[in-house]
Amino acid sequence: VNQDFEKITKATDLEFWNLYVPKWAPINVVQETDGKNRCLELRDEEPYDYCKAERILPASKKLTVQFRLNPLVVSQGHALEIEVQDQRGKRPLRLRIDGHWLGVDHRNVEQHPLALKSGKWHDIRLVMDCQRQEYDLYVDGNKALQNIAFQDKMDALERIVFRTGPYRNY
């Protein structure tokens with residue numbers, strides 16, 4: 001899967017994406033701040049809810065997900081959460097972008113948050129393996145964490161979720 005936003009003018013034209021968009025938490029396809037490319041923008045001014053963009057992927061036992069992220073502004077109380085899930089919503093991992101930090105929200109991982117520069121594009125890559133039940137995290141081409149055990153046992157990975165706040169049951 002290689003998602004390109006160049007030929008898309010509005011978020012409702014995205015194929016294979018499921019969007020949850022409350023009135024005060026819009027999702028749009030916009031021009032990047034450097035003016036070179038188009039990107040998916042998630043905003044959140046909703047105090048009690050979040051917006052969510054979920055991309056369906058072919059079911060995979062081994063999966064590498066790579067995306068670029070520019071954390072421009074994180075308002076108080078909101079953070080961007082990124083999860084990879086199976087078809088039922090079980091998740092082996094959750095990344096949390098909070099202010100200028102990227103953290104792994106995982107009960108079995110002790111680690112210091114990784115610094116991110118606001119207003120700068122960062123390359124994030126996740127290499128996941130259901131046979132080993134673990135993953136590696138790369139930030140800007142550097143291995144940040146390796147051999148991190150999945151939080152839940154997974155048979156296959158089938159979607160990536162970008163959400164502007166914690167899931168209601170967390």
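The values are calculated or read from the model by the stated rules, or taken from the named source; none is laboratory data. Keep in mind that this is a model prediction, so the values were computed, not measured. Because the Cβ atoms are built from the backbone with ideal geometry, glycine has one as well, and the counts that use them run over all protein chains shown. To get the accessible areas, we keep the full protein, side chains included, count just its heavy atoms, and leave off ligands, DNA and RNA. Shrake-Rupley method; radii C 1.70, N 1.55, O 1.52, S 1.80 Å.
See the values below:
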{"item": "Selected residue [open to solvent by 30 Å² or more (accessible area, probe 1.4 Å) and either more than 24 Å from PRO26 (Cβ to Cβ) or modelled with pLDDT of 90 or more (or both)] from ILE124, ILE56, ILE148", "result": "ILE56"}
{"item": "Enumeration of residues in the range 127-145 that are open to solvent by 20 Å² or more (accessible area, probe 1.4 Å) and in a loop (DSSP other than H, G, I, E, B)", "result": "GLN131, ARG132, GLN133, ASP140, GLY141"}
{"item": "Checking LEU95 against (1) under 28 Å from GLU32 (Cα atoms); (2) over 16 Å from the mean Cα position of the chain (by Cα); (3) open to solvent by less than 20 Å² (accessible area, probe 1.4 Å); (4) not basic (Lys, Arg), the condition it does not meet", "result": "(2)"}
{"item": "Residue identified as modelled with pLDDT under 90, of a type outside the set (S, T, N, Q) and open to solvent by 40 Å² or more (accessible area, probe 1.4 Å) among LYS153, LYS117", "result": "LYS117"}
{"item": "Count - residues of the range 35-54 that are in a loop (DSSP other than H, G, I, E, B) and either touching a Ser or Thr at 6+ places or on another chain (Cβ under 7 Å) or touching a residue at least 24 places away in the same chain (Cβ under 8 Å) (or both)", "result": "9"}
